[in-house]
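Shown next, in structure tokens, is the structure this report addresses.
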Amino acid sequence: MSERAVSTTDSSRSKRSIKDFFLSRKVVPYVFVSPFIISFLLLFLYPLISGFIMSFQTILPGQTTFVGASNYERILNPTFFKALSNTTVYVILTTVILTILPMILATMLNSKFVRFSNVFRASLFIPALTSTIVAGVVFRLMFGESEASLANTVVGFFGIEPLEWKFGAATGMFLMVLLATWKWLGVNILYFMAGLANVPRELYEAAEMDGAGIIHKFRHITLPMLKPITVYVVTITIIAGFRMYEESYVFWPEGSPGNIGLTIVGYIYQQGFRMNDLGFGAAIGVVLMLIIFIISILQLALSGTLKKGE
Amino acid sequence: MKKRSLYVMLFSMLFVILAACGKGGGGGGGDGSEDAEGAEAVEVIGSESKDATELKFWTFNALHIDIYKDAVSRWNEEFPDRPIKLKAEAYPYDNMHNNLLLALQSGTGAPDIVDIELGRFPNYLQGEPQLLPMNEYVEPVKDKFIESRFDIYSKDGKNYGLPTHVGATVAYYNKEIMDAAGVDIDSIQTWDDYVAAGKKVVENTDATMTTLETNDYWSYWPLIKQQGSDFFDENGEVTISNETNVETLEFMRSLIYDEKIAEITPGGGHHEEEYYGFMNDGGAASVIMPLWYMGRFTDYMPDLKGKMVIRPMPKWTEDGNRSAGAGGTGTAVTNQTEHPELAKEFLAYAKLSEEGNIALWRVMGFDPPMWTVWEKPEIREDNKYYQYFGTDIFDTLLSIREEIDSINITEKNPLVQEQLSTNVFNNVLRSQSQSAEEALKEAEAAIKNN
């Protein structure tokens, strides 16, 4: 009996000490951040590192061999540069369009002169809920090359000959940017609306008393007050642009004529899966990561976001 | 006490999250194979009995499931002591081939039996093929088959894939348009005849003679194969820019721009919605495609029923070949199956038996790779293909049986397809920014450097 009593006290003591350990001021913060740390390690760092290792290998079932930097040596080929230039043009266009247009639209929707602004807000947001692939199929039909397709009927009103939308470099880029704009406009408007909600009304009232017009108010109050949101929108649009894939895939599932729609991610997919060259695909992925990293840092530095305590 | 329950709650949340992470990280592959997420069609075929062995089958074309529906019911009748339950899942083309690649690469999640399209098959032969050799079943019947159809799915003398069809390339003529143009279809014997007929068609009707693909290679590959050329020779050396290939591509260009009897296929290829509509409305008088293309006519171009006839391809020389084998689907057993013997035997039963080959025609309208069944009475039974194209399909096939040379396949075939469909056809046929020779030389360099 007495022995048993002793062991119970022992176990309750050890239980308490475990509990004390987890609840001590030093440990508890780590326990609480551990879900994030663990998911970061498992779902981000581990794939990152193994992707990096894969980029130095040739990977075939049962025959994985290290090949040094030969995957990287192969990257600098015309197809890669074509993909890079396509992606860069796409990033520039989407970033400009998807920053300026939503900002103007959000300001307009926020103005008290626009009626039914809730209806517009909702309808502009709906495309974001649609799958790019589904929307793309509709776009593909709208921009068919026959004279009777919707887009060619529209340009026909202006006396323009029917276009082969999917087969020209410029029209192809136009299709991708249009699809992206259609889809992401509403989301970006939402960001800007949230930013506008934080602009104090008093500033506008004060400006009005000083006799400022709409343009002046926009230029000197709205724009500076929206800067943090603008930086955020530009950053995610650039990153999304470099990662773009569906917008191209949906128009040209089997590869585009003259690679007009090939993006870097599309190139990774093509080489990694279509050509079963996972090592080479991983190497392109590493290069893409570096590009995004450098551009993001540059952009944050230029916009002053990295400066402390401003 | 209140504080303590808060801690309990937080910790339990933590464990739930961790458990979720662990599952996502570790069991991803296995999970994916259990539920058929993203499948276009799922069908469980066959025996309901408990001792039925379940086999999983993946395909990229939901129509192919019908072949196995037929085979499973015959199997279960013939071997009641070894019933099979086939779980057939159809995924989109890219999706299925990628899933299979990753499953075989990682060693888990692959089905027992799988359809692999010719254009992707070389990917699965790289390294150590993760498929099971079928030689024991293929060798006894080899001489009854168009043998080259096994070679394209083989490596180092081992046959991994069983063919689904011959893919004999033929000419489909729209008789109504040809009659209006005053051309007797049977008088077209050579490509010169074809061009002359084309000129009459363009002169006398609103239609063009034919269409040429730019986003796929079916307008090109059969034409060079007919002349004994290919993208690779028997030793796997790249021959894509040889004289025959350059001249043939130049011939195609001249059909469009000099002779003006051909157009670039609306939509870029013969599998595009634009083309189906164009052809259905009588846009072109003919098209050169393999026999498996029949199904697209019956399914997507209903207005041409009774108007289309099938004839051999025009030949290049007096004694030249009038067809070429093109395309294909190899069905294989993966090394991840738990029932390798049963899976192999069933697959052989479905694909290598006479009944199986007759079913390939009856169910799918494919030209069965076992040529000995071509003359069987069962083949002549009426079906929707005879109703659409007339009753002489197999007379045409039998007349060209000896002329169906097959293609040479190497690990680099996916690369060739990519080069042709993105650069070569676009630059030579569409934008005319390169000559046939320049474009093919450039493609050859790209293939060699990869």
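Screening the candidates B:Asn76, B:Asn95 for the property of being of a type in the set (S, T, N, Q) and within 14 Å of chain A (Cβ to nearest Cβ) yields one hit, B:Asn95.
Any idea which of A:Phe192, A:Phe143 is assigned by TED's automatic domain parsing to the domain that holds A:Phe251, over 24 Å from B:Asn423 (Cα atoms), in contact with a Leu (Cβ under 8 Å, 6 or more places away or on another chain) and surrounded by 20 or more Cβ atoms within 10 Å (Cβ to Cβ)? A:Phe192 is the lone residue from the list that is assigned by TED's automatic domain parsing to the domain that holds A:Phe251, over 24 Å from B:Asn423 (Cα atoms), in contact with a Leu (Cβ under 8 Å, 6 or more places away or on another chain) and surrounded by 20 or more Cβ atoms within 10 Å (Cβ to Cβ). Filtering segment B:407-423 to residues that are open to solvent by 30 Å² or more (accessible area, probe 1.4 Å) and facing chain A (nearest Cβ under 10 Å) leaves B:Glu411, B:Lys412, B:Gln417, B:Asn423.
Of (1) touching a strand residue (DSSP E or B) at 6+ places or on another chain (Cβ under 9 Å); (2) away from chain A (no Cβ under 11 Å), B:Asn123 satisfies all except one. Which? All conditions are met except number (2).
Restricting attention to segment B:321-341, the residues that are assigned to a loop (DSSP other than H, G, I, E, B), in contact with a strand residue (DSSP E or B) (Cβ under 8 Å, 6 or more places away or on another chain) and either over 13 Å from B:Pro290 (Cα atoms) or not hydrophobic (A, V, I, L, M, F, W, C) (or both) total 7.
Taken as a whole, the condition of being touching a residue at least 12 places away in the same chain (Cβ under 8 Å), outside the structural domain of B:Lys155 (by TED's automatic domain parsing), hydroxyl-bearing (Ser, Thr, Tyr) and not in a strand (DSSP E or B) applies to B:Tyr293. With respect to the conditions (1) surrounded by 16 or more Cβ atoms within 10 Å (Cβ to Cβ); (2) outside any helix (DSSP H, G or I), A:Ala135 lacks only one, and its number is (2). Can you spot a residue in segment B:250-262 that is away from chain A (no Cβ under 14 Å), among the β-branched types (Val, Ile, Thr) and assigned to a strand (DSSP E or B)? No, because not a single residue in segment B:250-262 is away from chain A (no Cβ under 14 Å), among the β-branched types (Val, Ile, Thr) and assigned to a strand (DSSP E or B).
Does B:Thr391 count as without any contact (Cβ under 8 Å) to a residue 12 or more places away in the chain and either of a type in the set (Val, Ile, Thr) or surrounded by 21 or more Cβ atoms within 10 Å (Cβ to Cβ) (or both)? Yes, satisfied.
Determine whether segment A:10-26 contains at least one residue that is among the polar types (S, T, N, Q), farther than 21 Å from A:Tyr269 by Cβ and at pLDDT 90 or above. Looking through segment A:10-26, none of the residues is among the polar types (S, T, N, Q), farther than 21 Å from A:Tyr269 by Cβ and at pLDDT 90 or above. The numbered conditions (1) of a type in the set (Lys, Arg); (2) more than 22 Å from B:Gly46 (Cα to Cα); (3) assigned to a helix (DSSP H, G or I) are all true for B:Arg311 except (3). Taking the stated definitions as given, is B:Asn426 of a type in the set (S, T, N, Q), open to solvent by 10 Å² or more (accessible area, probe 1.4 Å) and modelled with pLDDT under 90? No.
The values are calculated or read from the model by the stated rules, or taken from the named source; none is laboratory data. Quick caveat: nothing in here was measured; it's all calculated off a predicted structure. Counting neighbours? That spans all protein chains shown, and the Cβs are built from the backbone with ideal geometry, glycine included. The accessibility values were calculated without ligands, DNA or RNA, using every heavy atom of the protein model including side chains. Shrake-Rupley method; radii C 1.70, N 1.55, O 1.52, S 1.80 Å.
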